[in-house]
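Structure, as structure tokens:
The values are calculated or read from the model by the stated rules, or taken from the named source; none is laboratory data. Small disclaimer: the values here were computed from a predicted structure and weren't measured. Counting neighbours? That spans all protein chains shown, and the Cβs are built from the backbone with ideal geometry, glycine included. Heavy atoms of the whole protein, side chains included, go into the accessibility calculation; ligands, DNA and RNA do not. Shrake-Rupley method; radii C 1.70, N 1.55, O 1.52, S 1.80 Å.
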Amino acid sequence: MAMPPILPLGLASIPKPPQFPPPAAKNQMYNPNRIPYRPTPTAYHRHNRRRCTCRRCFCFCCFWSLLLICTVLLLAAIAGAGFYFLFRPKPPAFSVSSLKIIQFKLTTTSDDTTHLTVKLNLTLSTKNPNKKLIYNYDPISLTVNSNSVLLANGSFTGFSSGPNNITIIHSTLSMASQVLDADSISSLKSDLRRKNGLPMKILLDTMVLAKMDKLKSKEVGIRVTCDGIHGRIPTGKTPAVASTTNAKCKADLRMKILKWTF
């Protein structure tokens, strides 16, 4: 019969190390009815959620605003197209009937300053080619230039031009003792030596309003430019009649946006 091993003195009294954690402790820690732990959202997560909500609202507002603007523009375009095809509005037509040079004088004073004195009689005609539209004009500003040199200016009272109506505009334009620089003097003397005479351009600026029955548009600026006019200096007291055979007038709308005029 085998003998059990004999342990050295001192080792037999050493207890076994306990198991960690003990099995009973594991059973006590586990509780099936316990609510699981869920961490609360931090301030960072709450801020991100709020930022996403604000961004979504901003995009939503931008989308509907853009849709509303596009709808209004589309309806306006449809209304404008319908108005155009129904009534066929046409712009007013302008023409130069006559231009008489009453006075044209260049004088040089003792201090070598050159002065220009001009007096003109201008006759224009304007026609409203529409069958139902009425054009109401504000007071008109008239200017006559020769290249970049201002010759004379004047004005004409406002008027109303009915359908298929022709209105005659008579105005006297003048400029008294205007001081000229060296470039203007050289330009005028060079043009006066031309065979055709002095080239002149007429500018007409005013505001016009279109009206039809109870419908009325807003006032818009209009500029009429008439060129192809040539004249000579009058001799004596007889006025010189400028050549208007090749005169052509063009009307352009002038819209002002902020500080810019187109």
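What to note about this one:
- The accessible area of Ile229, taken with all protein chains in place and a 1.4 Å probe, comes to roughly 0 Å².
- Per-pair calculated FRET efficiency, R0 = 45 Å: Thr108 and Leu67 via Cβ, rounded to 0.05: 0.05
- Exceeding the 18 Å Cα-Cα cut-off - candidates Lys131/Lys211; Lys127/Lys250; Lys90/Lys201; Lys119/Lys250; Lys127/Lys218; Lys100/Lys201: Lys90/Lys201; Lys119/Lys250; Lys127/Lys218
- Kirkwood radius, the stretch 96-170, all distinct C-alpha pairs, inverse of mean reciprocal distance: 14.8 Å.
- Taking 0.36 nm per residue of sequence separation and removing the Cα-Cα distance, the Leu192/Val179 pair yields an extension gain of 2.9 nm.
- Each other residue within a Cβ distance under 13 Å of Lys250 adds +1 if Lys or Arg and -1 if Asp or Glu, for a net charge of +2.
- Here the gap between Arg232 and Lys131, fully extended at 0.36 nm per residue and compared with their Cα-Cα distance, gives a gain of 32.3 nm.
- The charge dipole of the stretch 114-262, taken about its Cα centre with unit charges on the Cβ atoms of Lys, Arg (+1), Asp and Glu (-1) only, comes to about 400 debye.
- Distance in nm between pseudo-label sites at Lys216 and Thr245 (7 Å out along the Cβ direction from Cα): 4.6 nm
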